[in-house]
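The next block holds one structure in the form of structure tokens; read it before the comments.
The values are calculated or read from the model by the stated rules, or taken from the named source; none is laboratory data. As the structure is a prediction and not an experimental result, all values here were calculated from the model. Using ideal geometry, Cβ is built from the backbone for each residue, glycine included, and neighbour counts are taken over all protein chains shown. These accessible areas exclude ligands, DNA and RNA; they are computed on the full protein's heavy atoms, side chains included. Shrake-Rupley method; radii C 1.70, N 1.55, O 1.52, S 1.80 Å.
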Amino acid sequence: MKLLRDEVEELIGQALAKSGITGDNWRNMLAPSRDTSQGDLSLPCFPLAKQLSKNPIELAQTIADEISSHPAIGQVLAVGGYLNIKADMNWLAQQVLSGKVRVGDPFGSLSSTGRKVLIEHTSANPNGPFHVGRARNAILGDSLVRLHRLFGNEVRAEYYVDDMGKQVAVLAWALANLSEQQVEETLVGRDGVNPRWSGKADHETVRWYQAAQKIRGEEDAQAIEEEIGRLVHASEHGDQEVLQQFEAAYQPVLDGMLTTLSRLGIDFDTFTKESEFVINGDVAKLMQRLSEMEIYGEADNGAGYLDLGQRGLKGKTEFFFRRGDGSSLYATRDIAYHMWKWQQSDELINVLGEDHKLQGKQVGMTLQELGQKVPEIMFYSFIKLPEGKMSTRKGNVVFMDDLLEEAQAQAASVVRELRPDYQEQQVLEIAEAVGVSAVRFNIVKVSPDKGFTFRWEEALAFEAGSAPFIMYSHTRAHSVMKRCIEAGADIDSILAEEIDYSNQEMPNGLVELLRTIARHNDVLGKAVNLRKPHLFATQLLDLANAYNGFYRDCHILVEGVPNPFYLQVSETARNLLRTGMQGIGIIPLEQM
RNA sequence: GGGCGUGUAGCAUAGCUGGAUAAUGCAUCGGCCUCCUAAGCCGAAGACCGCGGGUUCAAAUCCUGCCGCGCCCGCCA
């Protein structure tokens, strides 16, 4: 709890100095208490006692006695070698209500921290609809974007469009050479396009891609392979005509994919095409520089690599950046892209699947060789299905479009049951918000480096521990405020009212809510700086839970008259809930 | 085979820059709607924190060895 820490750290330092403690090491040991019944901040005195050859239990007591009274401190206790400091709740309430807890803006583009951050995420190959696995990138990435903005950083969200190379070439070839009939014949026996998505280009066009992949795997595909190879080669040498053909093939697919993301509330500030760096010559210049390095090596056919083993890379040490025919590789272009990105922003973050770990290492080390900074990377593990790995090829996938439909339908049936008086239009709007929020939250709440098994029943569970639980607390807060207005209260003047904190009842639910609010921005900072959005998801769950406890213990509106203190607390919590929810893509409803 | 990651109640997870009685949800069992929306609240039960060693006053957390799972080890993207 930084609020309290800032207030009492010097006091503790003075008490420690009196006891003979030198140095600052204790500052790292001063940490939030594990349990709020013990306190808000705790200092384990064991190493300090050792330094002084004293008994830790006695030392803790000595320090506790030394700490002079301070308005922020409610209680200081020495327990079994720990120094426990509890905030004074009236002081804390005063802090919380006097604007010491910053309410950020997850859509803000102006920086209050002065940090400029470029976050590249998703960047999926535009060859087919998002399945739940690919969408983890987009959901984590977009949450990180929003949280950075909420924190006060100036963020640019960027999609790197893979507009060249084999995957797009296969798609372009298929569209140029296969008729609809051929595609259907090739894919006979497989599920067709869900009629719900007919006309959506990512769902339609992916069949051409799938058919081409199948045909390529068959025997007499030599000529086709050569033709695709020619296209790949041409694109990698910046052949404008071929690149235009590629773009015509992938753009509608990409648009379809972006429609899905947009339903999830995900959008981008900029799109940068991979081919740009081939066309403008950056890649050629880069390859020239790399081939002049002392760790440069060359294969018999002229292919170029860096021996990163000489820089400490373990495992496969040769990093190839140029083919025998002189063309660049994906990773080479990625390096050129990063050099460009470093001209755009002070901080770079990439969101990548765990399959890119080696590549990320190679790109990072090469950037270092070039005297460039290394980007931060948020790696995430894959989402699998109970039946195993997700694979478009095997038809073992859950499309995000289907999940969102299903989630909305499920939410709608819950709303209809719980709120029989709602109009159908209203039901559908609530259901859409609940569905999208639940889908996002289920992915955000899990640590990125943890594998994740997608289960329908979990994705569609709307109880405690899920997004609707948080949404529900928010609607409660909103509803209370609305009731106060309906009762004729002048909210603005109540919110501006000076509270006499010395004379307030402090039930448990209120105390816990104040503490949770006091921690809010500490957690946000941690989630942002460690790239762990799930920590903030947990905080929102805590906040919603604490709000429910407060709502239980503190009646805000009693006989038509609002309690000004409680209403101020409620409004602070509501605002933090609202912006916090938006920070991870949960939609704050006023009614549900 | 090598590299990286992961293993926590029946299930799904949090905690991992070392600190006290390991936290939350689902499922199970019990209680709460004449009172601001019960998608809620209160309570019970449930854990050799994968296994073995080590470091430490203190280990789920750090080191090490095994075991299980995932990803990577194209002149693919």
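The residues of the range A:508-533 that are more than 11 Å from RNA strand B (Cβ to nearest atom) and at negative phi, listed by number, are A:Val511, A:Leu513, A:Leu514, A:Arg515, A:Thr516, A:Ile517, A:Ala518, A:Arg519, A:His520, A:Asn521, A:Leu524, A:Val528. A:Gly114 falls short on exactly one of the conditions (1) of a type outside the set (A, V, I, L, M); (2) open to solvent by less than 20 Å² (accessible area, probe 1.4 Å); (3) under 26 Å from the mean Cα position of the chain (by Cα), and that condition is (2).
Of all helices (runs of 4 or more DSSP H) completely enclosed by the range A:25-93, which ones contain at least 1 residues that are open to solvent by 80 Å² or more (accessible area, probe 1.4 Å) and under 16 Å from A:Glu9 (Cβ atoms)?
On the way: elements: A:25-29, A:46-52, A:56-66.
Result: A:25-29.
The set of residues from the range A:432-463 being open to solvent by less than 30 Å² (accessible area, probe 1.4 Å) and of a type in the set (Gly, Ala, Ser) comprises A:Ala433, A:Gly435, A:Ser437, A:Ala438, A:Ser447, A:Ala459.
Any idea how many residues of the range A:323-360 are modelled with pLDDT of 95 or more, in contact with a Leu (Cβ under 7 Å, 6 or more places away or on another chain) and of a type in the set (Lys, Arg)? Selection size over the range A:323-360: 1. If you go through the range A:251-263 and keep only what is crowded, with 21+ Cβ neighbours inside 10 Å and either over 25 Å from A:Val434 (Cα atoms) or at pLDDT below 90 (or both), you end up with A:Val253, A:Leu254.
Among the residues making up the range A:279-321, a single one is more than 9 Å from RNA strand B (Cβ to nearest atom) and among the aromatic types (Phe, Trp, Tyr): A:Tyr296. Restricted to the range A:413-514, the set of helices (runs of 4 or more DSSP H) holding at least 3 residues that are touching a residue at least 60 places away in the same chain (Cβ under 8 Å) and under 24 Å from A:Tyr551 (Cα atoms) comprises A:424-444, A:467-486, A:491-496. When the residues of the range A:182-197 are filtered to those that are under 14 Å from A:Ile215 (Cβ atoms) and part of a helix (DSSP H, G or I), the one that is most open to solvent (accessible area, probe 1.4 Å) is A:Glu185.
Per-residue answers, yes or no, for (1) touching a strand residue (DSSP E or B) at 6+ places or on another chain (Cβ under 9 Å); (2) over 30 Å from A:Arg190 (Cα atoms); (3) hydrophobic (A, V, I, L, M, F, W, C); (4) surrounded by 14 or more Cβ atoms within 10 Å (Cβ to Cβ):
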| site | (1), (2), (3), (4) |
| --- | --- |
| A:Val206 | no, no, yes, yes |
| A:Glu226 | no, no, no, no |
| A:Ala249 | no, no, yes, yes |
| A:Gly265 | no, yes, no, yes |
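Just to verify a result, which residue in the range A:534-582, among those that are outside any loop (DSSP other than H, G, I, E, B) and of a type in the set (Gly, Ala, Ser), is nearest to RNA strand B (Cβ to nearest atom)? Even if it seems obvious, please write down each step before you answer.
Let us first name the residues in the range A:534-582 that are outside any loop (DSSP other than H, G, I, E, B), namely A:534-553, A:557-558, A:561-562, A:564-582.
If we keep only those that are of a type in the set (Gly, Ala, Ser) as well, we get A:537, A:544, A:546, A:549, A:570, A:573, A:580.
Details: A:Ala537: 9, A:Ala544: 7, A:Ala546: 9, A:Gly549: 5, A:Ser570: 8, A:Ala573: 12, A:Gly580: 16 Å.
Ranking the candidates gives A:Gly549 first.
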